[in-house]
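Written below as structure tokens is the structure these notes are about.
The values are calculated or read from the model by the stated rules, or taken from the named source; none is laboratory data. Remember, it's a predicted structure, so these values are computed and weren't measured experimentally. Neighbour counts are summed over all protein chains in view; Cβ atoms, including those assigned to glycine, are modelled from backbone coordinates with ideal geometry. What goes into the accessible areas is simple: the full protein's heavy atoms, side chains included, and nothing from ligands, DNA or RNA. Shrake-Rupley method; radii C 1.70, N 1.55, O 1.52, S 1.80 Å.
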Amino acid sequence: MKNFFLFVLIFFTSVIYSQEIIDKIVAVVDNEIILQSELNFQASLYASQRGADPNSPEFKKEILNSLIDEKLVYAQAQLDSIQVTEAEVDQRIDYQVQVLQQQYGTVQNIEKLYGMSIERIKRELRDDVRKNLMVQRLREKNFAGIEATRREVEDFFNNYKDSIGTIPEKLKIYHIFVNPKTNSRLKKKYRDFAQAILDSIKAGANFEEMAKKYSEDPGSAQYGGDLGFVKRGVFYPEFESVAFAMKEGDISDVVESPVGFHIIQLLERRGESIHTRHILIKIKADENADLDAIEFLTNLRDSVIKGNGTFQYFAKKYSEDKETAPFGGELGTYYLNQLDKHLLDVVSKLKEGEISFPRRIEYGQGTYGYHIVYLQSRVPQHIANLKEDYAEIKKLADEYMKQKEYDKWIAGLKDKIYWDVRL
């Protein structure tokens, strides 16, 4: 998904960038073209990452060759009838919109930032997302199963150990995360408030006026909660499952989503689009909720230290990080220089086997929680060797073998698929 996020960033920036220069075609691959604006932007992007000169002819040639390779793989994916469903494309686009919402707060903020409606953003992305998925699927089909044998890993290490050099300090870390906003007392407080508003509307209060007065959605409150016409896939699933099942004029019960509690009214339906308005009541953590979360995590820490349960057991049972909880809270094994500042500050003070005290962690705009971190193991910086670093060296050997096969495959594609550089 990180690669896809980079792809979307490139897409949006390319739209802006290409408006500023006169484009010309620099290469043709089968039925696809590569524009000067695309080449310039990609060269600028990767030059900043590598500390290279984006205007270097050799560097631009390298970037252009990579773009040509991508187009060749897409052309072969078409020849091989690689299929991706509309549902898969929708899922990938919806995921990215959710990422952008977490980053910028609301759909309205995204639309303002990029100067286009969310529906247009999705339409503009659709074709490139489909191509990206087809390329990814073909690569997986051809190269995912390639692995180096033990002998090949050893040969790779013996040939390239000087290049591998020093292995940075490695840490294996776990955590238990708690969100103060999920405190049952706190959720009940705001649900009851939303219910009181709903009761007032049922008793005759004007929905539009109540939305202007109480709704905490900054993008719609001033318009009486009006969200306009929207197709499926824009709002949270919890919101949509209710809204799309309603009849025109209906007002929902209180609906919970990741951002709070909604009261929804369906105003009109046109095919697969609905026109709704809503009142949003957000769950706002108070001082007591924060203290409750800190006290709860402190008690879990004390229980592990006293031997009343393992860290992994409590993580599976109580952690609200849905991605790591099933695995006992395991965040993974990282080199010290891979950790963000927050985790680095926490683990740098821990010895192997120690658990941190609760720490506040920010993980989105205006979104936070508390966690305790367990440092299971710490391997000091050292010269690479097969005994301690076999897993990492094998990954490098696997990628080396995949790249060799990929290069051979690309050379074969260049012999049978039309391509032409026009610089």
Within the range 176-205, can you find the residues that are without any contact (Cβ under 8 Å) to a residue 60 or more places away in the chain and closer than 30 Å to residue 374 by Cα? 184
Complete set of residues in the range 322-342 that are polar (S, T, N, Q) and either on the phi > 0 side of the Ramachandran plot or part of a loop (DSSP other than H, G, I, E, B) (or both): 324
With the structure loaded, tell me whether residue 357 is among the aromatic types (Phe, Trp, Tyr) and either within 21 Å of the chain's Cα centre (by Cα) or open to solvent by 50 Å² or more (accessible area, probe 1.4 Å) (or both) or whether it fails that test. yes
Is there a residue being in a helix (DSSP H, G or I) and more than 21 Å from residue 217 (Cβ to Cβ) anywhere in the range 167-176? no
Can we say residue 345 is over 27 Å from the mean Cα position of the chain (by Cα), in a helix (DSSP H, G or I), free of Cβ contacts under 8 Å to residues at least 60 places away in the same chain and surrounded by 11 or more Cβ atoms within 10 Å (Cβ to Cβ)? no
Residue count for the range 329-378, restricted to those that are within 29 Å of residue 100 (Cβ to Cβ) and of a type outside the set (Phe, Trp, Tyr): 25
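Hand me the list of strands (runs of 3 or more DSSP E) wholly inside the range 238-317 holding 2 or more residues that are more than 21 Å from residue 199 (Cβ to Cβ). Reasoning before the result, please.
Values: elements: 255-257, 260-270, 273-281.
Output list reads 260-270, 273-281.
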Helices (runs of 4 or more DSSP H) wholly inside the range 84-152 that include at least 2 residues being open to solvent by less than 70 Å² (accessible area, probe 1.4 Å) and at pLDDT 85 or above: 86-104, 118-143
Go through the range 360-404 and give me each residue that's of a type in the set (Asp, Glu) and either surrounded by 13 or more Cβ atoms within 10 Å (Cβ to Cβ) or at positive phi (or both). 388, 389, 392, 398, 399
Evaluate the range 370-381: report whether one residue or more is closer than 28 Å to residue 167 by Cβ, touching a residue at least 12 places away in the same chain (Cβ under 8 Å) and assigned to a loop (DSSP other than H, G, I, E, B). yes
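Restricting to the range 46-73, name every residue that is touching a helix residue (DSSP H, G or I) at 6+ places or on another chain (Cβ under 7 Å) and of a type in the set (A, V, I, L, M, F, W, C).
47, 52, 59, 63, 64, 67, 72, 73
For every residue, the table says whether it meets (1) over 20 Å from residue 125 (Cα atoms); (2) of a type in the set (Lys, Arg); (3) in contact with a strand residue (DSSP E or B) (Cβ under 8 Å, 6 or more places away or on another chain).
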| residue | (1), (2), (3) |
| --- | --- |
| 39 | no, no, yes |
| 44 | yes, no, no |
| 49 | yes, no, no |
| 53 | yes, no, no |
| 57 | yes, no, no |
| 61 | yes, yes, no |
| 69 | yes, no, no |
| 76 | yes, no, no |
Within the set of pairs 6+ apart or on separate chains, which have a first residue in the range 269-298 that is open to solvent by 50 Å² or more (accessible area, probe 1.4 Å), a second that is at pLDDT below 90 and not in a helix (DSSP H, G or I), and C-beta atoms under 6 Å apart? 272/231; 292/183
Criterion first (among the basic types (Lys, Arg), outside any strand (DSSP E or B), farther than 30 Å from residue 327 by Cα and at pLDDT 90 or above) does residue 189 satisfy it? no
Number of the exception - residue 193 against (1) under 28 Å from residue 395 (Cβ atoms); (2) in contact with a strand residue (DSSP E or B) (Cβ under 7 Å, 6 or more places away or on another chain); (3) surrounded by fewer than 16 Cβ atoms within 10 Å (Cβ to Cβ): (1)
When you check residue 209 against the structure, is it surrounded by fewer than 18 Cβ atoms within 10 Å (Cβ to Cβ), in contact with a Ser or Thr (Cβ under 6 Å, 6 or more places away or on another chain) and in a helix (DSSP H, G or I), yes or no? no
Where the second residue is open to solvent by 50 Å² or more (accessible area, probe 1.4 Å) and in a loop (DSSP other than H, G, I, E, B) and the first is more than 24 Å from residue 119 (Cα to Cα) and lies in the range 206-229, which pairs have Cβ atoms under 9 Å and are six or more apart or on separate chains? none
